[in-house]
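Structure record follows, encoded as structure tokens.
The values are calculated or read from the model by the stated rules, or taken from the named source; none is laboratory data. Predicted model, so just to flag it, every value in this text is computed and none were measured. Cβ placement follows ideal geometry from the backbone for every residue including glycine, while neighbour counts extend to all protein chains displayed. For the accessible areas, the whole protein counts, side chains as well, though only heavy atoms, and no ligand, DNA or RNA atoms are used. Shrake-Rupley method; radii C 1.70, N 1.55, O 1.52, S 1.80 Å.
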Amino acid sequence: MIPKSFWELKVDVNGYKTKEGSELATQAVKGRSFELLEIPEKPSSSRIKVRLLEDGYICWLQFKDIENLAFSIDSWEAYSLSKTEINRRLPKVLNWVEKASRNTNQYLWGGTIGPDFDCSGLIQSAFASQQIWLPRDSYQQENFCRSITFELNSLDKIICGDLIFFGTKTRCTHVGIYKGKGLYWHSSGRVKGRNGIGIDELKPNGKNIISAYYLSKLRSIGRVESSYDGSIQP
């Protein structure tokens, strides 16, 4: 393996946030591709720095996890889709989320393979199931989508498959996907969440404290109109 070379995975692997430490950043499923950015002199017991090509995400892979389990490829190109084609695939994206919600699962920071997901990992994997690639993190997904003007009183501007973004005034920290009729799916954490994939409401009644909490963090609604094109994400 040499820097700037391209590779395709034969197995699912974990991607870590740093060169050392246990914090999971993402996961890469068999068949995904990566560009090798950095490799240590003695990689056998170390990690290699890579850019996952389908979403431009930079992370560290354990060398022993991929040794002889990835093969070299000459090049890689993003899979382009039109707005019309993406819209046609949205029902299958939503069906995928519904099926994932039926599996026994819990919230996993960095989870993108399943059955355990984090919020943006669930959304990315749902769209990737239909070859629509989104950036990895929720704030990146918010920037990637076309912003939709909406009114909570009517919700008539929001369509099934739109993404719902939550967080502070300065940064997006959570994402869900609109199911319809004021409901959305998301994978939320143990604290003030459902510890896994669940359904919440954009117009909750007084008894639904989890929905009310996320409503207080609502930032924006976004529509997916393109697939990731290979550019470097901020």
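Rounded to the nearest whole Hz, the Karplus-based 3J(HN,Hα) values (6.51 cos²θ - 1.76 cosθ + 1.60, θ = phi - 60°) of segment 122-137 follow the sequence 4, 5, 4, 5, 4, 6, 5, 4, 10, 6, 9, 9, 10, x, 6, 8, with x at glycine and proline. The residues of segment 1-73 expose on average 51 square angstrom of accessible surface per residue, using a 1.4 Å probe on protein heavy atoms.
Checking every one of the chymotrypsin sites (Phe, Trp or Tyr not before Pro) in segment 55-99 against DSSP loop status and a limit of 13 other Cβ atoms within 10 Å picks out 79. Label-to-label distance for residue 6 and residue 210 is 4.1 nm, based on points extended 7 Å past Cα in the beta-carbon direction.
Estimated at 0.36 nm per residue, the fully extended path between residue 190 and residue 64 surpasses their Cα-Cα distance by 42.2 nm. Taking the centroid of alpha carbons for each part, segment 193-229 and segment 119-151 are 13 Å apart.
Compute the accessible area per residue over segment 106-234, keeping the other protein chains in place, probe 1.4 Å, unit Å².
Values: 5860 Å² over 129 residues.
Value for segment 106-234: 45 Å² per residue.
When the accessible area of the chain is computed with all protein chains present and a 1.4 Å probe, what percentage of it is carbon and sulfur? So the carbon and sulfur contribution to the accessible surface is 48 percent.
If you take all other residues with their beta carbon under 13 Å from the beta carbon of residue 136, and give Lys and Arg +1 and Asp and Glu -1, the sum is -2.
Note that segment 32-38 has calculated 3J(HN,Hα) couplings of 6, 10, 9, 9, 7, 9, 8 Hz, one per residue in order, obtained from phi through the Karplus relation 6.51 cos²θ - 1.76 cosθ + 1.60 (θ = phi - 60°); glycine and proline are x.
Given contacts defined as C-alpha pairs under 8 Å and at least six residues apart, what's the relative contact order of the chain, whole-number percent? Numbers along the way, then the final one.
Numbers: 524 pairs, mean separation 43.6, N = 234.
Reported relative contact order: 19 percent.
Note that the chain, at 10 °C in a medium of 1.306 mPa s, gets a Stokes-Einstein diffusion coefficient of 86 µm²/s from its Kirkwood radius over C-alpha pairs.
What's the FRET efficiency of residue 29 with residue 87 using the Cβ-Cβ distance as r and R₀ = 25 Å, to the nearest 0.05? Display every interim value, and only then the final one.
Details: r = 25 Å, r/R0 = 0.99.
Step by step, r from the Cβ atoms, then E = 0.50.
The share of Cα pairs per 10 Å bin across segment 23-135, counted from zero up to the longest distance, runs 13, 39, 33, 13, 2 percent. Rounded to the nearest 10 degrees, the angle from helix 83-102 to the longest Cα principal axis of the chain is 90 degrees.
Placing +1 on the Cβ of every Lys and Arg and -1 on the Cβ of every Asp and Glu, with no other charges, gives segment 120-218 a dipole of roughly 280 debye about its Cα centre.
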